[in-house]
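A short write-up of the structure that comes next.
Please treat every number below as a calculation from the coordinates, not as lab data. Given the structure is predicted, the values throughout are model-derived calculations rather than measurements. Every residue, glycine among them, receives a Cβ derived from its backbone with ideal geometry; neighbour counts consider all protein chains shown.
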Amino acid sequence: MYVQPTRRLVLWDIDKTLVDIGGMSREIYAAAFKIVTGLELEHMPNMAGKADHDLIIASLRLHGIPEPASHLVEFYGALAAATEVRKAEIKQHGRCLPGAREAIERLAKTPGVMQSVVTGNIRPIAEAKLAAFDLTGPIDFDIGGYGSDDGERAMLVRLALQRTQQKYGVSYLPEQVFVIGDTPYDVASAKANNVRAIGVASGSSTAGELHAAGADAALNSLRDTRALVQVLLG
């Protein structure tokens, strides 16, 4: 008897969940800031869990730039350009986090599982970071939520769900959607949309802190691919 595969939509965070490019993120921001404003970047807000939309506005305000929202589109372009010229450096100085490649590849072989991203990065940066470590193959970037879409991560999840429905004509039940990330912001974005959250303690938050934030499950890392698949497939 044929058994239909269990459908799942997996929405990955990128930074400190799948990859870590260290100080390169600030360097890219500094280069883009100089392109847009002509000034040196002296102050940078905490980047953890934040969307590029909000980081740009906050950094411009910290430097006294009037009407910061009016510079968003130009800044997105500058970020993309600054990332493009540093792709080799990202690969050299960054790293794919333990278990990330195995997790993505294992899910790609699992019938019924679709993978995309919900990230604070704008799309060109998201693609560049994952491409640097050959992680793009199973990821459908068309249905992702990005840092240029909105400053609220919950909205990025909502947009990813809408884009999936628009592209494939598929609507997922809340229990079929999983946001995987390393911060309480990722967990909160899932809970705000009534979907599942898997915390990964590969960033600055512990598994206990991610559980306390409301994660349905929290892993110490992505090394245990079997545990991840068990959580996803129930």
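FRET efficiency for the pair Asp150 and Gln92, taken as 1/(1 + (r/R0)^6) with r the Cβ-Cβ distance and R0 = 22 Å, rounds to 0.10. Restricted to Cα atoms, the chain shows a radius of gyration and a Dmax of 17.5, 67 angstrom.
Tell me the angle of helix 72-84 to the major Cα principal axis of the chain, expressed in degrees between 0 and 90 and rounded to the nearest ten. Helix 72-84 and the main axis of the chain meet at about 80 degrees. Most tightly packed first, judged by the mean number of other beta-carbon atoms within 10 Å of their residues, the peptides 6-14, 225-233 read 6-14, 225-233. A full extension of the chain between Glu84 and Asp142 corresponds to an added length of 18.9 nm, given 0.36 nm per residue minus the alpha carbon distance.
Separation of region 180-223 and region 94-142, taken as the distance between their Cα centroids, equals 18 angstrom. Each pair of Cα atoms in region 56-164 enters the Kirkwood radius, and Stokes-Einstein at 37 °C and 0.692 mPa s then converts it into a translational diffusion coefficient of 213 µm²/s.
Between Lys109 and His211, the C-beta separation translates, for a Förster distance of 41 Å, into a calculated FRET efficiency of about 0.90. Packing-based ranking of 194-205, 62-73 yields 194-205, 62-73, ordered from highest to lowest mean Cβ neighbour count within 10 Å. Positive end of the dipole of the chain, charges at C-beta (+1 Lys, Arg; -1 Asp, Glu), about the Cα centre: which of His93, Thr6, Phe75 has its Cα farthest in that direction? Of the candidates, Thr6 comes out farthest on the positive side.
Where does region 24-91 land on Rg(C-alpha)/(2.2 N^0.38 Å)? Ratio of Rg to 2.2 N^0.38 Å for region 24-91: 1.03.
Working note: Karplus 6.51/-1.76/1.60 with θ = phi - 60° gives region 122-128 the couplings 5, 4, x, 6, 4, 5, 5 Hz, where Gly and Pro are set to x.
The longest part of the chain holding none of the exposed loop GluC sites (Glu not before Pro), meaning those outside H, G, I, E and B in DSSP with at most 10 other Cβ atoms within 10 Å, is 43-234. Helical content alone sets the calculated 222 nm signal of the chain at -13000 deg cm²/dmol, taking -39,500 (n - 2.57) per DSSP H segment of four or more residues and averaging over every residue. Evaluated over the chain, the count of Lys pairs having alpha-carbon atoms less than 23 Å apart is 16 (only pairs 8 or more residues apart or interchain).
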